[in-house]
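The values are calculated or read from the model by the stated rules, or taken from the named source; none is laboratory data. Bear in mind that the values here come from a model prediction, so they are computed numbers and not experimental data. With ideal geometry, Cβ positions are generated from the backbone for all residues, glycine too; neighbour counts draw on all protein chains shown. The accessibility values were calculated without ligands, DNA or RNA, using every heavy atom of the protein model including side chains. Shrake-Rupley method; radii C 1.70, N 1.55, O 1.52, S 1.80 Å.
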Amino acid sequence: MEKVVFQKSNMLTDAPLHFCPGCSHGIANRLIAECMEELNIDKKNIVGIAPVGCAVFNYNYFDVDMIEAAHGRAPAVATGLKRVLGNDKFVFVYQGDGDLASIGAAEIIHAAARCENISVVFINNGIYGMTGGQMAPTSLLGQKSTTSQKGRDIGRNGYPVKMSEMLAQLDGATYIERVSTHDAANVRKAKQAIKTAFKCQLENKGFSMIEVLSACPTNWGLTPVKAMEHIKNDVIPYYPLGVFADRRNEK
Amino acid sequence: MAKVTFNEAICKACGLCVEACPKKLLVIDKSRVNAKGYNVATIPEDKQSECVGCASCAVMCPDCVITVTR
Ligand SMILES: Cc1ncc(C[n+]2csc(CCOP(=O)(O)OP(=O)(O)O)c2C)c(N)n1
Ligand code: SF4
Ligand code: SF4
């Protein structure tokens, strides 16, 4: 009999995605859906928090309850929800790097420090996608953007922020890992990482964040295939993959 | 035999699936466009039987265009 090796997750709606061709947001959305499905989390018990940024329409794509937070405030909204609704509800947070590392830097730091029992998926594409390609705190040194036209310069713009390494210093951060979407093997690893983070919440072990190195072909000015090569050759050397915090045994 | 099917209406011709296939079976069909104006990814008929069903194409597709059965 014919066996299904791969099909679209039932945690996703049929709405076509608005993302540009080759955008990693689509991959990340799908991985989150697959993880929730495979962990058998009841749809009725899931609440997702969408960010401001290109992922703002996430609420149309996940077939679960979603809330759209003000820019950068998704971890704060998730904190309130989880505390009010209790551990019977599963709360995931989806944020871009402008949302999480810039305007929302305070919210994510304190959610991690308080060890809130939430799971954060952090899409690091090194740029503000939605607003047309401005420099982000995570943009690489030398990276050209509409607000760093000659390339990001240390004297003028300072250094890129490594959120995973930074948050891993906090005792409240239970699990932090950085993964990538540049090829199929890495996408499969990314899925395992997201699943680990989700299990952390299901076992009431507190705060987890998975940083997903992602492509924004449109604002990088690269084809989708070249954008993935750029992650492999230029982004990963600055943002190494791996587990930065694992305090699951202490919680 | 492994079989790959494409929901062509939502393909964006990004080419990530083409790149991901270890057997290099997929192509972007430049002779066809979907309602959104994109060319569509496909496996030419004479290549279908070479598919090993690894699903690497589907794993890379950002738009859930691809279903793989075996
Ligand atoms: C309070 C507020 N300030 C600024 C903006 C403008 N704005 C919209 S999206 C965005 C940045 C998005 O970048 P990122 O979080 O990296 O997500 P991406 O679009 O790259 O996925 C900004 C600054 C806003 N919507 N609200
Ligand atoms: S602008 Fe960039 S991040 Fe936004 S949808 Fe397009 S490729 Fe994705
Ligand atoms: S990866 Fe998906 S959207 Fe991109 S060309 Fe292949 S089938 Fe089309």
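Observations on the structure shown:
- With respect to the conditions (1) of a type in the set (S, T, Y); (2) touching a residue at least 60 places away in the same chain (Cβ under 8 Å); (3) closer than 22 Å to A:N29 by Cβ, B:T69 lacks only one, and its number is (3).
- Matching residues, the range A:215-251, being in contact with a Phe, Trp or Tyr (Cβ under 8 Å, 6 or more places away or on another chain) and not in a helix (DSSP H, G or I): A:V243, A:A245, A:D246, A:R247
- Filtered by the rule that a residue be open to solvent by less than 10 Å² (accessible area, probe 1.4 Å) and not in a helix (DSSP H, G or I), the range A:90-111 gives A:F90, A:V91, A:F92, A:V93, A:Y94, A:Q95, A:G104.
- Yes/no for B:C21 being touching a Ser or Thr at 6+ places or on another chain (Cβ under 7 Å), away from ligand 2 (no atom under 16 Å from the Cβ), under 22 Å from A:S214 (Cβ atoms) and of a type outside the set (S, T, Y): yes
- Candidate set from the range A:181-214 (those that are surrounded by 16 or more Cβ atoms within 10 Å (Cβ to Cβ) and in a loop (DSSP other than H, G, I, E, B)); member that is farthest from the chain's Cα centre (by Cα): A:K205
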